[in-house]
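A.B. asks: Could you have a look at this structure, given as C-alpha cells, before my questions?
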Amino acid sequence: MMGLFKRGSEKKAAKNKGAESSPCAKHPEVIEILPVLVDRFDELLQDQGLERGSTTIITGGAGTGKTTFCLQSLYHGALAGDKGVYISFEEDTVKIKHHMLKNFGWDIEKLEKQGMMAVIKVDSSKTARMVEGTLAKEVGALRIELSKMKLPLKPDRIAVDSLSALSIAFENERSYRKYVRELFEMLESYNSVNLVVGETEQNPDVYSRTGVEEFLADGVVVLYNIKHKGRRKNALEILKMRSGGHVKQMVGYKITSKGWQVQVEEEWEEVLRGELPKQAKAKKIHLRKMKDK
Ligand SMILES: Nc1ncnc2c1ncn2[C@@H]1O[C@H](COP(=O)(O)OP(=O)(O)OP(=O)(O)O)[C@@H](O)[C@H]1O
Ligand SMILES: [Mg+2]
C-alpha cells in the first residue's frame with residue numbers, strides 16, 4: 001500500500017530499548033509501545049503503535065466509526081493478552097456489546113468473563129453535577145469521579161466514549177475544561193494506551209469542543225465522512241502524534257463485517273481533490289510541505 005509510513009531512522013527503536021534518554025521517575029527509560037491493532041492502522045505510525053501513558057483523541061462526525069475503532073483495538077488487544085477497559089459516558093453497555101457481537105462477531109462478554117475486558121458506564125450528568133458542586137464549594141485540589149472510580153481490572157488499554165457526551169452534561173465550560181484536564185491526567189497515570197472519543201461536524205475544521213482537548217492529547221486522529229458522487233466515503237487523518245512520525249496524507253477506510261479496514265490510497269485521489277473542507281486541505285498541504293523538507 002502506498003503512503004504507509006517508511007521507517008527512516010531507528011531513533012524510536014533505540015528509545016524503545018531505552019538506549020537514548022536518561023532515566024528519571026517521570027520519564028522512564030523504556031517507553032513501551034502497544035500496537036493499536038485496528039487493521040493496518042499501526043502501519044501509519046513510525047512506532048507501529050502508541051506509547052503507554054499516552055492519550056489519543058479519535059474524533060469525527062456521527063457514524064464515522066469512532067466507537068468501532070476503540071472497541072476493535074480493545075477487543076484484539078484482549079485476544080492478544082492485553083487488558084482493556086471501555087468507559088462509556090453515553091451508550092448503554094448492553095447495547096454496545098450487543099452491537100459489536102451482531103455487527104462484527106466480537107464476543108466482548110466472553111472476554112469480560114475471562115477478566116480481559118470491562119465495559120462500564122459512567123453517568124455523565126452525575127459526574128458533571130459532582131464536579132460543578134465541588135468547584136462551587138472551591139474545595140482544594142479537584143480529584144473527581146474517575147479517580148474514585150475503581151476500574152475492575154488493571155488496563156493496558158482504555159477507551160473513553162465520548163467527550164461530547166460528557167461536555168453537554170456540563171453547565172459551564174470552565175468546569176468541563178477543568179474536568180477534562182483531570183481526566184487526561186488520570187488516564188495517563190494508568191500507564192495504559194488511551195483512546196478518547198471526540199465528536200465533530202461531518203467534515204470538520206474544528207476538532208474538539210473547546211480546543212483544550214486536542215491541546216492536552218498526545219495524538220489526534222480525525223475521521224472524515226466525505227460525500228462523493230452521491231456516496232459517502234470515509235478517510236482518516238493523523239493530525240498530531242507527539243510520540244513520533246506518522247503518515248501525513250489522508251487514508252481511506254471502510255467499515256465492513258470485520259470492523260475497520262484501511263483502504264489503499266489510489267482509490268482516494270479523486271475524492272480528496274474535490275471534496276475536502278478548506279482548512280483540512282490547507283493542513284494537508286502544510287503537513288506535506290513539512291515532510292518534503
Ligand atoms: N457489519 C457492518 N458492516 C458495514 N458497516 C457497518 C457494520 N456495522 C456497523 N457499520 C457501520 O458503522 C457505523 C457505526 O459505527 P460506530 O458506531 O463505531 O460510529 P460512531 O462514530 O461511534 O457513531 P456515533 O457518532 O453514533 O457515536 C454505522 O453507522 C454503520 O454505517
Ligand atoms: Mg459512538
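Each value in this text was obtained by applying a stated rule to the coordinates, not by laboratory testing. Fair warning: this is a prediction, and the values are worked out from it, not measured in the lab. For neighbour counting, all protein chains shown are included, and Cβ atoms are generated from backbone atoms with ideal geometry for every residue, glycine included.
A.B. asks: Filter 110/178; 229/254; 95/126; 154/233; 66/150; 95/254 down to the pairs with a C-alpha to C-alpha distance above 28 Å, please.
C.D. replies: Details: 110/178 36 Å; 229/254 17 Å; 95/126 21 Å; 154/233 37 Å; 66/150 25 Å; 95/254 22 Å.
Distance filter (> 28 Å) returns 110/178; 154/233.
A.B. asks: Run the simple label-point estimate for residue 212 and residue 256 please: 7 Å along Cα→C-beta, distance reported in nm.
C.D. replies: 4.2 nm
A.B. asks: Roughly how many Å is it from the Cα centre of region 152-190 to that of region 67-121, as a whole number?
C.D. replies: A separation of 19 Å, based on Cα centres.
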